[in-house]
Amino acid sequence: MPLTGDVAQPMLLGESDGGGASGFAVLRAPSEILFGPGMRRSVGWLAAREGRRAYVIVDPYLSGQEEFEHVLASLRSEDVEVAICRDVEPELPADLAVTVAADARRHGTELIVAVGGGSCIDLAKVVATLLRHGGSPSDYYGEFGVPGPVVPLIAVPTTAGTGSEATPVAVVADATLGMKVGISSPHLIPRVAVCDPELTITCPPEVTAAAGADALAHCVESLTARQRQGTPELPRDRVFVGRSRLTDTLALQGISALVAGLQVAYRDPTNLSARTETMYASLLGGLAFGTAGTAAAHALQYPIGVLTGTAHGVGVGCLLPYVMAYNQVERLEEMAAIARIFGASGPDGDLAGRAPHLVRDFLSALGIPRTLSAIGVSTENVAWIAEQGVRAVRLSENNPRTLTLAAASAVVAAAVDGDLDAVPAAEDQ
Ligand SMILES: NC(=O)c1ccc[n+]([C@@H]2O[C@H](COP(=O)([O-])OP(=O)(O)OC[C@H]3O[C@@H](n4cnc5c(N)ncnc54)[C@H](O)[C@@H]3O)[C@@H](O)[C@H]2O)c1
Ligand SMILES: [Fe+2]
């Protein structure tokens, strides 16, 4: 394992702002996680425990591949009846989930197997909800809107990025509202996550890069998220409770695994060791942010995604260094820990300032743009993006440094120009 020495660091990190000292920590996760090359062949026996009729939702690209045949063969070898749905679309339209749920109902579905990227797994989460509780996706928008357990879901990711196989959220594009909306509930966490890095070998470099940047943003934003007072009611009242020692540990290991594997996987797609590291990082990032929550980079990406039509991971990856520069003053130790994982050395004060640059250089080597202007965002868009980002309260209020409208505008403006030094460093916003 690369950089296992970093495991010692999170024990110290949380103490600086209270939570480590109180010992409060939370982790929500699938009941079972199977990780490793070849694990796709376990889906059959896992499914047979849940029921006899499986509805398999598969990414259209994967549906023609031999690896998917292995999943089907393992289901059939356990006498599980299979109905296959290939209607996965990148920006999950809310209406699609309704149509697919109706089809799944006609098949007498007892469990769902999702084989695909975040778009596929998110579709499966919404379908599992509609099958059990009826209605339409908008009935469940926001936090804790899902009234009880959903149809069991076995999630088999084929990208290494979203970590959706381990998270309590599905992201839906609502045409009426003209925006992407989250459905967040612990009931949405898949029953089982089966993470087989061999399934990601066919990802083209641009998918590897965007998904990997998303995973890095999940780890960094979890590690630097707001830390809340640990009360018995907090996990009842919030799906995303903020960082704690458990999520810090996962996030740091996730960053290490990405540094070890992501650039190699991008350059050499068939390198299984690199694919294994990146898929591991994606899983850890999902586990970390699924409990801690993400923050400003995710809040600001949503309007940018609407405006430019760029992939989620490209937007969060581009924004991440600028958000880190803004948050640095509140998270010196954590930024220094990140810089060390990227190979830098020196005192915390110096290292923290280098972390955003190291992350930007790392992502830029994967083709993630260094500026928002490179993906079509102009100065005229800054005010609207900042306003929308701040309004995504679930995310923006999880940022360690208060994200005022003026601050959000300054961060986005700096990202448009590619000027990390223009990000406001002191509390003057
Ligand atoms: N639920 C969550 O926790 C969560 C977290 C982050 C992002 N998201 C959402 O996930 C979506 C993005 O998911 P994603 O980044 O996994 O991409 P994706 O699922 O949209 O897939 C991207 C592209 O890669 C292709 N693809 C997938 N697997 C492949 C493989 N193994 N080989 C070749 N091609 C493959 C797909 O066909 C598609 O064209 C966004 O809608 C985002 O909002 C969800
Ligand atoms: Fe994300």
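The values are calculated or read from the model by the stated rules, or taken from the named source; none is laboratory data. Remember, predicted model here, so these are calculated numbers, not experimental data. Neighbour counts run over all protein chains shown; Cβ positions are idealised from the backbone, glycine included. Heads up: the accessible areas ignore ligands, DNA and RNA and are worked out on the full protein's heavy atoms, side chains in. Shrake-Rupley method; radii C 1.70, N 1.55, O 1.52, S 1.80 Å.
Here is the P(r) of segment 205-428: all C-alpha pair distances, binned every 5 Å from 0, give 1, 8, 16, 21, 21, 17, 10, 4, 1, 0 in whole percents. Across q = 0.17, 0.19, 0.22 Å⁻¹, segment 304-429 modelled as identical point scatterers on its alpha-carbon atoms has Debye log10 I(q)/I(0) values of -0.85, -1.06, -1.36, in the order of the q list.
Keeping the other protein chains in place, figure out the carbon and sulfur percent of the accessible area of segment 205-428, with a 1.4 Å probe. In segment 205-428, the share of accessible area belonging to carbon and sulfur is 52 percent.
What does the net charge come to around residue 206 if you take all other residues with beta carbon closer than 14 Å to its beta carbon, with K and R at +1 and D and E at -1?
Details: positive: 267; negative: 214.
Here the count lands on 0.
I'd like the distance separating the alpha-carbon centroids of segment 349-370 and segment 388-429, in whole Å. Spelled out, the Cα-based centre of one part sits 18 Å from the other.
A straight line joining the Cα centroids of segment 212-256 and segment 47-75 runs 32 Å. Can you check how the C-alpha radius of gyration of the chain compares to 2.2 N^0.38 Å, as a plain ratio? My calculation over the Cα atoms of the chain gives 0.92.
Quick one: with all protein chains in place, what share of the accessible area of segment 38-195 is carbon or sulfur, to the nearest percent (1.4 Å probe)? Walk me through the numbers on the way to the answer.
Values: 2850 of 5730 Å².
Of all accessible area on segment 38-195, carbon and sulfur atoms account for 50 percent.
Return the tail of the calculated pair distribution for segment 217-301, meaning the percent of Cα-Cα pairs more than 19 Å apart. Before the final figure, lay out each step's value.
Details: 1488 of 3570 pairs.
Within segment 217-301, distances greater than 19 Å cover 42 percent of Cα pairs.
If you take the Cα centroid of segment 161-205 and the Cα centroid of segment 270-315, the two points sit 10 Å apart. Positive end of the dipole of the chain (Cβ unit charges, origin at the Cα centre): among 299, 73, 362, the Cα lying farthest that way belongs to 73.
Across segment 58-73, computed HN-Hα scalar couplings (Karplus, 6.51 cos²θ - 1.76 cosθ + 1.60, θ = phi - 60°) run 10, 4, x, 5, 5, 4, x, 9, 4, 4, 5, 4, 5, 5, 4, 4 Hz from first to last residue, x flagging Gly and Pro. Relative contact order of the chain: 16 percent, from C-alpha pairs under 8 Å at least 6 residues apart in sequence. Among 133, 96, 46, pick out the residue whose Cα is farthest towards the positive end of the charge dipole of segment 38-195, where Lys and Arg carry +1 and Asp and Glu carry -1 on C-beta, about the Cα centre. Value computed over the given set: 46. All other residues whose Cβ lies under 15 angstrom from that of residue 78 are scored, Lys and Arg at +1 and Asp and Glu at -1, for a net of +2.
Between helix 382-391 and the chain there is an angle of about 60 degrees, using the helix long axis and the longest principal axis of the Cα atoms.
If you count only protein heavy atoms with a 1.4 Å probe, what accessible area per residue comes out for the chain, rounded to a whole Å²? Let's see the in-between values first.
On the way: 15290 Å² over 429 residues.
Normalised by residue count, the accessible surface of the chain is 36 Å².
So what's the net charge close to residue 47: Lys and Arg +1, Asp and Glu -1, counting the other residues with Cβ under 11 Å from its Cβ? Please list the in-between numbers first.
Numbers: positive: 49, 52, 53, 76, 191; negative: 50, 78, 79, 81, 110.
Combined, the nearby Lys, Arg, Asp and Glu give 0.
Using only the C-alpha atoms of segment 38-195, find the volume of their convex hull and express it per residue in Å³. Can you show the working numbers first?
Numbers: hull volume 14.6 nm³, N = 158.
Measuring per residue, one finds 92 Å³ for the Cα hull of segment 38-195.
Heavy atoms only, probe 1.4 angstrom, no DNA, RNA or ligands counted: give me 139, 348 ranked by accessible area, highest first.
On the way: 139 90, 348 60 Å².
Largest accessible area first, the residues go 139, 348.
With the Kirkwood sum run over all distinct C-alpha pairs, segment 349-402 has a hydrodynamic radius of 13.5 Å. Only Lys, Arg, Asp and Glu carry charge here, each on its Cβ (+1 for the first two, -1 for the last two); on that basis segment 38-195 has a dipole of about 400 debye about its Cα centre. Accessible area of residue 357 (1.4 Å probe, protein heavy atoms only, ligands and nucleic acids ignored): about 80 Å². Here segment 230-296 is treated with +1 on each Lys and Arg Cβ and -1 on each Asp and Glu Cβ, and its dipole about the Cα centre works out to around 20 debye.
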